[in-house]
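Some notes on the structure that comes next.
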Number of protein chains: 2
Amino acid sequence: MARASIHNRQDSLERALQLFWQKGFHATSLKDLEKALDMRPGSIYATFGSKDGLFQEALERYSRLGLVELERTFQAYESPLAGLAAYLRGLGGICDKELPSRACMLVKSLLELGEREQAARDKAEELLAGMEVLFIDRFSAAQRAGELNSRLDPVLLGRRLQAEIMGLRAFAQRDVDSATVHALAEDMAQSLEAMRAEEVADTI
Amino acid sequence: MARASIHNRQDSLERALQLFWQKGFHATSLKDLEKALDMRPGSIYATFGSKDGLFQEALERYSRLGLVELERTFQAYESPLAGLAAYLRGLGGICDKELPSRACMLVKSLLELGEREQAARDKAEELLAGMEVLFIDRFSAAQRAGELNSRLDPVLLGRRLQAEIMGLRAFAQRDVDSATVHALAEDMAQSLEAMRAEEVADTI
DNA sequence: GATAAAATTGAGTAATCATTCAAGTTTATC
DNA sequence: GATAAACTTGAATGATTACTCAATTTTATC
């Protein structure tokens, strides 16, 4: 029948993801991808269709893995607010990890891509919207659990948290000490925890 | 003697700035610049040296104009804290303005540029550091004026504000309503104002 | 108007870009 | 081992990239 793919598709995609995350869409050439994937142009195009298509698949993979880690963090904490704070504190250590970039790949893409890469741009938008929903859900859960004053707006809080994370990670892209980013994340986490209602709200 | 430059240097630089801010460094081609500046390659290179050099000058202009607006906002308010809050609220209207991009050009550059554009990257870093200093100064002034609890760290607050602004503007780059960004900025401004010490601290 | 300095032009460079496809290689099934 | 399907190869494509430079045009001064 057929020849088994010597290059695992997921593995190739992961390598492409690392490269795109580090260098961005425009600065990543097909030559770079050929080297990173150890594949010749024909194979790359047969497998992924186009540079643009490969990039979009990389975006989806990035987002999927990010969501998994997010959910995993949430599940480790019974309190929704504690889960969100823990996620922020985890991001404080982003400089200590060996990552292709400290900035979020979705944000990098959102800021880099223009009309000529509309499809990929839309993809990044869509995936960011998905993340936003998750944050909002957590704040809603916190509210249901009585952790949060019922007058606060989970939608606003979710968006604010997303903006805060975007900012933290963009800031971390600067040439700054790990300790600085840790302190920043800790400060953000404390702001979040300060929203915790002192007493569980009475349900009349 | 000489022929007077028909293209005002500042004017050309402004056009280049608009283009670079909108499309980023890599996606802006010399063809694009030729059209926007109405200059032929020879003139561009005689005037600015290289695409990279032109970009760095554009970065500097962007930062200079940004700093002017920042200082102007601060001077309009006697209270440092009120000035910072007003700047944040002003950013809430960023979607209503016709700008090349809602995201900060320095942040876009920081996230886009790699080792191959090290000089421009360093320039963006340096200019961001300059902005950070301004924010820190304002928080220090607020502390001296007794607006801020003396136990708070102006350095941390300044960095946090910069991260928050980076986040707000990156978020505003998403396909969101103007009202959403206004609400986000208002929320951030209120957080800032909530730091105001209720009473002026006693100077023992 | 002659001269010279400065500014501009635009065709041309070599390199790189994403992409294609005919030919070759590998593998599964008979 | 023959067949066929799947996969890989890599030279070639035409477009685009940043950049150069000899020739030209413009302007200031005399």
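Derivation of every value follows stated rules applied to the coordinates shown; laboratory data play no part. Remember, predicted model here, so these are calculated numbers, not experimental data. Counting neighbours? That spans all protein chains shown, and the Cβs are built from the backbone with ideal geometry, glycine included.
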### Message
What's the magnitude of the charge dipole for chain A around its Cα centre, counting Lys and Arg as +1 and Asp and Glu as -1 at the beta-carbon? Answer in Debye, nearest 20.
### Response
800 debye
### Message
For q values of 0.20, 0.24, 0.28 Å⁻¹, compute log₁₀ I(q)/I(0) with the Debye formula on a Cα-only model of the range A:123-166, without solvent.
### Response
-0.58, -0.76, -0.93
### Task
Would you work out the relative contact order for the range B:60-193, in percent, from Cα pairs under 8 angstrom that are 6 or more residues apart?
38 percent
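What does the structure give for B:120-130 when I average, per residue, the other chain Cβ atoms found within 10 Å of the residue Cβ?
Partner Cβ neighbours, averaged per residue: 2.
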### Task
Find the chain A residue whose Cβ sits closest to the rotation axis that carries A onto B, and give that distance in whole Å.
A:Gly167, 1
### Query
What number, rounded to the nearest 500 deg cm²/dmol, is the helix-based mean residue ellipticity at 222 nm of chain B, given -39500 (n - 2.57) per DSSP H run of at least four residues and division by all its residues?
-23000 deg cm²/dmol
### Message
How far, in nm to one decimal, is A:Arg116 from itself in the other copies if the label point is set 7 angstrom along Cα toward Cβ? Shortest first, please.
### Response
1.4
### Query
Averaged over B:21-28, how many beta carbons belonging to a partner chain fall within 10 Å of each residue's beta carbon?
5
### Query
So, in Å, what gap is there between the alpha-carbon centers of the range A:118-192 and the range B:117-151?
23 Å
### Query
Using a simple spin-label model with points 7 Å from Cα along the Cα→Cβ vector, what separation in nm is obtained for B:Asp32 and B:Val68?
2.5 nm
### Query
Using r as the Cβ-Cβ distance of A:Glu60 and B:Lys97, and R0 as 25 Å, what FRET efficiency do you calculate, to the nearest 0.05?
0.15
### Query
Dividing the Cα convex hull volume of the range B:1-82 by residue count, how many Å³ per residue is that?
121 Å³
### Solvent-free Debye scattering, log10 I(q)/I(0), computed from the Cα coordinates of the range A:58-193 at q = 0.13, 0.19 Å⁻¹
-0.57, -1.16
### Task
List the GluC sites (Glu not before Pro) within the range A:92-135 that fall in a DSSP loop (any state other than H, G, I, E or B) and whose Cβ has at most 10 other Cβ atoms within 10 Å.
A:Glu98
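Could you list the trypsin sites (Lys or Arg not before Pro) in the range B:29-113 that lie in coil according to DSSP, counting only those with at most 10 other Cβ atoms within 10 Å of their Cβ?
The qualifying sites are B:Lys97.
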### Query
Can you list, shortest first in nanometers, how far A:Asp153 lies from the same residue in the other copies, with each label 7 Å from Cα toward Cβ?
3.3
### Query
Where q = 0.16, 0.27, 0.29 Å⁻¹, what log10 of I(q)/I(0) comes from the Debye formula for the range B:44-89, counting one point per Cα?
-0.54, -0.87, -0.94
## Note on the structure
Cross-link reach from A:Lys108 to lysines, straight Cα distance under 24 Å and at least 8 residues apart if same chain, gives A:Lys23, A:Lys31, A:Lys35, A:Lys51, A:Lys97, A:Lys123, B:Lys23, B:Lys51, B:Lys97, B:Lys108, B:Lys123
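Find the Cα radius of gyration of the protein assembly as shown, compare it with 2.2 N^0.38 Å by division, and give the number to two decimals.
Dividing the Cα radius of gyration by 2.2 N^0.38 Å gives 1.07.
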### Query
Copy-to-copy spacing for B:Ser50, label 7 Å out on the Cα-to-C-beta vector, in nm, shortest first?
3.2
## Note on the structure
Between A:Glu115 and A:Asn8, Cβ-based FRET efficiency (R0 56 Å, step 0.05) works out to 0.95
### Task
Between B:Glu193 and B:Glu78, with labels modelled 7 Å along Cα→Cβ, what's the label distance in nm to one decimal, could you check?
1.7 nm
